[in-house]
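*Asks:* Handing you a structure now.
The values are calculated or read from the model by the stated rules, or taken from the named source; none is laboratory data. Because the structure is predicted, anything quoted here is derived from the model rather than measured. Every residue, glycine among them, receives a Cβ derived from its backbone with ideal geometry; neighbour counts consider all protein chains shown. SASA here: full protein model, heavy atoms, side chains in, ligands and nucleic acids out. Shrake-Rupley method; radii C 1.70, N 1.55, O 1.52, S 1.80 Å.
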Amino acid sequence: MSIELYQNTYIQNNFADRIGGSNYGKDTAIYKFEKIKRAKAQAKKDFPEVELIDLGVGEPDEMADAGIVAKLAEEAAKPENRGYADNGIAEFKEAAAYYLKEVFGVEGIDPENEVLHSIGSKPALAMLPSCFINPGDVTIMTVPGYPVMGTHTKYLGGEVYNVELKKENNFLPDLNTIPEEIAKRAKLFYLNYPNNPTGASATAEFFTEVVAWAKKHDVVIVHDAPYAALTYDGLKPLSFLSVPGAKDVGVELHSLSKSYNMTGWRIGFIAGNPLVVKAFGDVKDNNDSGQFIAIQKAAAFGLYNPQITEKIAAKYSRRHEMLVAVLNELGFKAEKPKGSFFLYVEAPKGIKGGSRFESGEDFSQFLIREKLISSVPWDDAGHFVRFSVTFIANGEEDEKRVINEIKNRLSDVEFEF
């Protein structure tokens, strides 16, 4: 039966206000990612013989390392791993503490009290507001950015204050722009570096400022770090927890999705302040029964072998260099990021003698419909598009072919900036 048959029943009137109340499901607005999905489908229909180059996808293009897969198969066959994992196994927590020390130089993490696994970072971001937010409390978020923690803050009756990430500030939030009244009511501050979508990296100096700001205003810092180990050109991976005092004010979330090509495995961890970790564990215990133990053990294998990530990072670095070079030839002002697999560029104002682009979304739709190149627009703080170097390509020669195809498709127009 169709949804419409139930929209005039009591079911419709029983929805919570947080998701739209009695108007739930009646909103006719089409959201950004749905527009992209529809445009991609239409482009494939209109040009079935042309390859759609997807630079919009936000997940790795390859499978997990063979050693990790083999470890999963080995552990999945053991009957002792079949049961509930609840808040995780010691073996995974110990591997996470090792990983933080080996890759990021974070000393003194107690795996028993300062680490817990999560079924990916997204559920952790969804649960953390339940530890802190009462009606009227504030979560500070950065925009553009990943909205999950802000969404759940609103679900709980809290408020979200957005700080723009601007090019002139290297896409770092300007802490001095946060009003005193907001800082007084804030409980949580969400940060994400290397950043999605901007690709920007933080510095130890910036994190030091964040720690001081958090202590001054009694705010808990949540640093979302799924791309933290994917760094390039000699930049050492940086953890918020490596900064003195960071553990006094917050936690860091890590995920194996991006750094180990394990998106569908749903495994990550929270580390840092033991009281925050404990509170997260209590809320988590009422949300899930833990990730499959065999997956935790396979993930621990990965954490003990960070060279797996180094190989993945080398591929993304190579692809970034090629894509940046081509875009700059076409008139863009693209800069290779020092981390993440995202390249964030300002959208052109239009095409010489042709179409005008009033937003990043206008340009992104042009790329999909006219050039069969998919990207993600961001218009929260300026007009930008995000390209991802996780496009499908089988080896270096195929990467070059894809990049050359992008160049060829965009060379028949002259962009205006």
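*Asks:* Which fully enclosed helices (runs of 4 or more DSSP H) of region 232-291 have 1 or more residues being among the hydroxyl-bearing types (Ser, Thr, Tyr) and surrounded by 18 or more Cβ atoms within 10 Å (Cβ to Cβ)?
*Replies:* Answer list for region 232-291: 256-259.
*Asks:* Okay, moving on. Just the residues that are within 18 Å of the chain's Cα centre (by Cα), part of a loop (DSSP other than H, G, I, E, B) and among the acidic types (Asp, Glu), please, taken from region 50-69.
*Replies:* Listed by number, the residues that qualify are 59, 61, 62.
*Asks:* List pairs: first in region 12-26 and at pLDDT 90 or above, second of a type in the set (Lys, Arg) and open to solvent by 70 Å² or more (accessible area, probe 1.4 Å), Cβ under 8 Å, 6+ apart or cross-chain?
*Replies:* That search, which allows pairs on different chains as well, returns 18/154; 20/26.
*Asks:* Restricting to region 318-373, name every residue that is outside any helix (DSSP H, G or I) and over 20 Å from residue 413 (Cα atoms).
*Replies:* Those that are outside any helix (DSSP H, G or I) and over 20 Å from residue 413 (Cα atoms): 335, 336, 337, 338, 339, 340, 341, 342, 343, 344.
*Asks:* For residue 45, which of the numbered conditions (1) assigned to a helix (DSSP H, G or I); (2) touching a helix residue (DSSP H, G or I) at 6+ places or on another chain (Cβ under 6 Å) fails to hold?
*Replies:* (2)
*Asks:* Now, a different point. Name the residues in region 148-167 that are under 12 Å from residue 134 (Cα atoms) and not polar (S, T, N, Q), would you?
*Replies:* 152, 154, 155, 156, 157, 158, 159
*Asks:* Which of the residues that make up region 378-417 are in a helix (DSSP H, G or I) and open to solvent by less than 80 Å² (accessible area, probe 1.4 Å)?
*Replies:* 398, 399, 402, 403, 405, 406, 407, 409, 410
*Asks:* Determine the pairs where a residue that is at negative phi and of a type in the set (S, T, N, Q), located within region 119-136, has a partner that is assigned to a helix (DSSP H, G or I) and open to solvent by less than 50 Å² (accessible area, probe 1.4 Å) with Cβ atoms under 7 Å apart, the partner being 6 or more residues away or on another chain.
*Replies:* Every condition considered, the pairs that remain are 130/283.
*Asks:* May I pose another question? Which of the residues belonging to region 66-80 are surrounded by 10 or more Cβ atoms within 10 Å (Cβ to Cβ) and closer than 22 Å to residue 308 by Cβ?
*Replies:* If the condition is that a residue be surrounded by 10 or more Cβ atoms within 10 Å (Cβ to Cβ) and closer than 22 Å to residue 308 by Cβ, then 67, 68, 69, 70, 71, 72, 73, 74, 75, 76 are the ones that fit.
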